[in-house]
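The structure under discussion appears below in the form of structure tokens.
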Amino acid sequence: MSRLPSEFLPFRVSTLRGDQPIPFNAYVRVNNKFILFCREGDSFEGERLNRLRQKKLSRMYLLKEEAPQYDSYLKENTRRAYDSSAGAPFDVRVQIIQGALQAATEDLLDEPDSEAFVRVVDDAIKRFLGFLYDHPESLLALLNISNDDANIAQHSVSVAALATELARVMGFDETRPLEIPVLGLAASIHDLEHQHMPVTLTVPVEDLSQNELRIYKSHCKNGFARIKDLHFYPPLAKDIVRFHHEHIDGSGLEKKKEKDLDPFVFIVATADCFDQLLVRHKLTPKDAFKKMTIEQMGVVPLDCIRALQTLLKKSNLLV
Ligand SMILES: [Fe+2]
Ligand SMILES: [Fe+2]
């Protein structure tokens, strides 16, 4: 018997992570029909997760009557991720945390005017930062989750992790500790306009057509316009959305120079550039860093490049 669309609820595919079997059936929607895609009992780690991600689905559906099973699956996954005594392999723990944060970020990128979604991301970021702090090996595991579908929320989570870790390497956790979570939130939304425009992260910027390049270049200004009047975003987060493609020599989109901007703007710019080289150019971390040392002089501050090198070395990402 086929079920009515009103009998289904959407959920984020990025919440399907880890070695725990799902206690519900997951459906995809094709031409208003719901087709069983993942069965109760399937789990999503390693190759299985990669195959699911290659399908480039951001949402799947479950039957409303199975919503309690989905909720308990999420709770159990979160417990297994954050509780080191729960026995989940470390990579799986990072995949679960990354997936949950990606799902929260996707919600916020879709609806940046939702104060409730800002709170969810803010809470998730704070918890995530504690995990990153306690487990320095997290960055390697996080960046090992390939972003084959150039998902903007996944890019945002990677930039948030890289930027907050860079800030720590640069000593800002001592001098501006309360602003590190703001930096994490800002990095999570820095490209929010990408969620609302037709240019994807899949190809290098130099391969975009004239029209695509024009649209791409408007993403800072238009992203900022979406949030500039919303009181629940810290001013620093708004600045980071607006200025993350500025260059220290004043040759960026709005011709701001290093002295005009908060150093956190360039920390996000550095993290963003590095992750873009992984996602758009498909480079290894080692080659991405090499390219940055050649191309980013005069774009981001030298101390950011040095901090990135320290961070990548310490995270075993330059081997
Ligand atoms: Fe950007
Ligand atoms: Fe970005």
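What do you get for chymotrypsin sites (Phe, Trp or Tyr not before Pro) in region 125-223 restricted to DSSP loop and a cutoff of at most 15 other Cβ within 10 Å of the site's Cβ? Don't jump to the answer; show the numbers that get you there.
Details: sites: 128, 131, 133, 172, 216; in loops: none.
Nothing satisfies the criteria.
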³J(HN,Hα), Karplus 6.51/-1.76/1.60, whole Hz, each residue of region 247-254, x for Gly, Pro:
10, 4, 8, x, 9, x, 4, 10
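What per residue convex hull volume, in Å³, comes out for region 3-83 when only alpha-carbon positions are used?
Details: hull volume 6.7 nm³, N = 81.
Spelled out: Cα convex hull of region 3-83, divided by residues, is 82 Å³.
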Please turn the phi angles of region 294-300 into ³J(HN,Hα) values with the Karplus equation 6.51 cos²θ - 1.76 cosθ + 1.60 (θ = phi - 60°), one per residue in order, whole Hz, x for glycine and proline.
8, 9, 9, 5, x, 9, 10
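In the chain, what percent of the accessible surface is made up of carbon and sulfur (1.4 Å probe, ligands and nucleic acids excluded)? Let's see the in-between values first.
Working: 7410 of 14600 Å².
Carbon-and-sulfur percentage of accessible area, whole number: 51.
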Tilt, helix 115-134 to longest principal axis of the chain (alpha-carbon atoms), in degrees rounded to tens, equals 80
Between 100, 153, 288, where does the largest GNM mean-square fluctuation fall for the chain, given springs only between Cα atoms within less than 10 Å?
288
For region 59-167, just say rounded, prolate or oblate: build the C-alpha gyration tensor, square-root its eigenvalues into a ≥ b ≥ c, call rounded for a/c under 1.5, and beyond that prolate if a/b exceeds b/c, oblate if not.
oblate
Counting other Cβ atoms within 10 Å of each Cβ, which GluC sites (Glu not before Pro) in region 238-277 have at most 16 and sit in a DSSP loop?
254
Could you give log10 I(q)/I(0) at q = 0.06, 0.08, 0.14 Å⁻¹ for the chain, computed by the Debye formula over C-alpha point scatterers of equal weight, without solvent?
-0.20, -0.36, -1.10
Quick query: amide H of residue 37 versus all other amide H atoms, modeled in the peptide plane; which residues come in under 5 Å with a sequence gap of 5 or more or a different chain?
26, 27, 28
Please give every one of the lysines within straight-line cross-link reach of residue 256, meaning a C-alpha to C-alpha distance under 28 Å, and leave out same-chain neighbours fewer than 8 residues apart.
217, 221, 228, 238, 290, 291
How far is the Cα center of region 227-293 from the Cα center of region 17-41, in Å?
37
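For region 127-183, which GluC sites (Glu not before Pro) are both in a DSSP coil and crowded by at most 16 other Cβ atoms within 10 Å? Each step should come with its number before you reach the end.
Values: sites: 137, 165, 174, 179; in loops: 137.
In loop regions of region 127-183 (DSSP not H, G, I, E or B), the sparsely surrounded GluC sites (Glu not before Pro) are 137.
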From the Cα centre of region 117-137 to that of region 141-199, the distance in Å is 11
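Regarding region 79-135, what's the average projected area of the Cα-atom convex hull, expressed in nm²? Don't jump to the answer; show the numbers that get you there.
Working: hull surface 15.1 nm².
Answer in nm², one decimal: 3.8.
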Most mobile of 53, 80, 214 per a Gaussian network model of the chain (Cα springs, under 10 Å)?
214
Quick calc: nm separation of the 7 Å Cα→Cβ label points for residue 58 and residue 211 -> 2.2
Given a 1.4 angstrom probe, what's the average accessible area per residue across the chain, in square angstrom?
46
Which of 54, 98, 154 fluctuates most in a GNM of the chain (C-alpha springs under 10 Å)? That residue is 54
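The values are calculated or read from the model by the stated rules, or taken from the named source; none is laboratory data. Because the structure is a prediction, the values reported are computed rather than measured. Backbone-built Cβ (ideal geometry, glycine too); neighbour counts: all protein chains shown. The area values use the complete protein model at the heavy-atom level, side chains included, leaving out ligands, DNA and RNA. Shrake-Rupley method; radii C 1.70, N 1.55, O 1.52, S 1.80 Å.
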